1. Is it the case that the stretch 279-287 has a residue that's surrounded by fewer than 23 Cβ atoms within 10 Å (Cβ to Cβ) and either of a type in the set (Phe, Trp, Tyr) or part of a loop (DSSP other than H, G, I, E, B) (or both)?
2. Of these, Glu236, Glu271, which one is more than 15 Å from the ligand (Cβ to nearest atom) and surrounded by fewer than 17 Cβ atoms within 10 Å (Cβ to Cβ)?
3. Pairs under 9 Å by beta carbon, first residue closer than 15 Å to Val425 by Cβ in the stretch 41-54, partner part of a helix (DSSP H, G or I) and of a type in the set (Phe, Trp, Tyr), six or more apart or different chains?
4. Here is a check on your reading of the model: is Ser281 within 12 Å of the ligand (Cβ to nearest atom) and closer than 30 Å to Leu114 by Cα?
5. Can you find even one residue in the stretch 292-308 that is in a strand (DSSP E or B) and in contact with a strand residue (DSSP E or B) (Cβ under 9 Å, 6 or more places away or on another chain)?
6. Answer yes or no as to whether Leu229 is in the same structural domain as Val151 (by the TED database), among the hydrophobic types (A, V, I, L, M, F, W, C), surrounded by fewer than 20 Cβ atoms within 10 Å (Cβ to Cβ) and within 32 Å of the chain's Cα centre (by Cα).
7. Does Lys161 satisfy the criteria of being among the charged types (D, E, K, R), surrounded by fewer than 24 Cβ atoms within 10 Å (Cβ to Cβ) and in a helix (DSSP H, G or I)?
8. Could you tell me which residue of the stretch 249-260 is farthest from the ligand (Cβ to nearest atom), considering only residues that are farther than 17 Å from Asp84 by Cβ and of a type outside the set (A, V, I, L, M)?
Amino acid sequence: MMKKLFTALLSLSVACAHAQNADSVTIRKIYNEALANGKSYEWLRHLTKQVGPRLSGSEGAQKAVDWTKQVMEQQGFDRVFLQDVMVPHWVRGAKEEAFIHNGKQKVTVPIAALGGSVATAPKGVEAGVIEVKSFPELRAMSPDKVKGKIVFFNRPMDPTKINTFEAYGGAVEQRANGATEAAKLGAVGAIVRSMTNVHDDYPHVGGMRYATGVPLIPTAAISTNGADLLSKSLAENPNLTFYFKQNCESLPDAKSYNVVGEIKGSEKPDEIIVVGGHLDSWDLAEGAHDDGAGCVQSIEVLRILKTLGIKPKRTIRAVMFMNEENGLRGGVQYADLAKKNNEKHIAAVESDNGGFTPRGFGIVGTPAQREKVTPWKPLLAPYGLTDIGAGGGGADIGPLAQLGTVLFGFKPDSQRYFDYHHTMVDRFETVSQRELELGAASMASLIYLLDQYGL
Ligand SMILES: [Zn+2]
């Protein structure tokens, strides 16, 4: 009896070792292909330099849809298709103007309207400034003090956080909801310190939203150097005024698309695994790290599988989601269609944290689902993928969670992401070919394992 059991256990562990060995050979091939013959970098060059900025509803966004569809068709994937989605169409208009008016002197500072903001009056707005570091600090003020003023939200991202996304999370409410908080007390404008740890002259833009029932006041990001100057000037002269003028506008919703490429599963075609990024970018950015990188890496995952002759058991889809930046309509639409069409999505992987050196994956799923990933860790560790565990998935794949899909967020090194985030310096030149390709290989390896073993 014992001997039988022992023999059974031994053959089981031999079988496991064989599987592990075969998997490690395949993963090695995936990395070889990505690093020796990778296509993601040249695709990213095209998407950033030839297509360029691609905010939802813009001509650039439409070009990006057409081009990524064409690229996936050229790769000969089994199916390439579009999903219609109506998206917000916000436009910046003429470049903003702003200055600190200190007695007789006017000092120009760089600002940019936040996405979704209303314009100022055509002649701009000029008012005294109330600087605050937090919403509680603002709420404690008497409305008399704030009424007719511009509120200046100046809490920096916490530089002591090792993961910069945590620091971002700790500051970004100022950008998202600052205008509403300021308007509640009668302010006429809101200026928000850029979300970055670096001291630079670029306004880092991003989305904001208005609460219903609160006046819509114009809001803009100011560069960190500009914010420091404004804060210093206020300390010297609390009665200075700030002027800004912006010309943005929300047009009627526009028709756009998610772009999907697919390799059909050979054994379980009804089980779908998604790998994706978002195709839209901010209007001032080429959107290299955010999120051209995630898009080209996702297409590269399918290309690598196909080129290596790996026939997935399950259906693998590369999805270019539209409108992550100012609406998430593409991600919501994708999940709605999956539900409507009764599609079974077992897992989704998103790359939307930049094209930097891979570190691991954050997983959104039950403890039992996370446990299934444990045996894969030794296969991924040799490639620097050691940070694998509970964590964020991604905004676009988030809506799939309600269908029971297990979500994986690709985690590259986070130290430089916010140097470029949502600015004109998020451009192709800041992306390392090698780091981008390592990311594509990391995602392809995870997709391979998800396909082999399910969840
Ligand atoms: Zn993004």
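The values are calculated or read from the model by the stated rules, or taken from the named source; none is laboratory data. What you see is a predicted model, and the numbers here were worked out from it, not measured in a lab. Here the Cβ is made from the backbone with ideal geometry for all residues, glycine too, and neighbour counts use every protein chain on show.
1. Residues of the stretch 279-287 surrounded by fewer than 23 Cβ atoms within 10 Å (Cβ to Cβ): 284.
From what's left, either of a type in the set (Phe, Trp, Tyr) or part of a loop (DSSP other than H, G, I, E, B) (or both): 284.
Yes, the stretch 279-287 has at least one match.
2. So the residue among Glu236, Glu271 that is more than 15 Å from the ligand (Cβ to nearest atom) and surrounded by fewer than 17 Cβ atoms within 10 Å (Cβ to Cβ) is Glu236.
3. Every condition considered, the pairs that remain are Thr48/Phe428; Lys49/Phe428.
4. Yes; evaluated as a whole, the condition is true for this residue.
5. Looking only at the stretch 292-308, we keep the residues that are in a strand (DSSP E or B), and these are none.
Checking the stretch 292-308: not a single residue is in a strand (DSSP E or B) and in contact with a strand residue (DSSP E or B) (Cβ under 9 Å, 6 or more places away or on another chain).
6. On the way: in the same structural domain as Val151 (by the TED database): yes; among the hydrophobic types (A, V, I, L, M, F, W, C): yes; surrounded by fewer than 20 Cβ atoms within 10 Å (Cβ to Cβ): yes; within 32 Å of the chain's Cα centre (by Cα): yes.
Yes, satisfied.
7. no
8. If we filter the stretch 249-260 for residues that are farther than 17 Å from Asp84 by Cβ, which is where we start, we get 249-251.
Among the residues that remain, those that are also of a type outside the set (A, V, I, L, M) are: 249-250.
Details: Glu249: 23, Ser250: 21 Å.
Applying the filter and picking the extreme gives Glu249.
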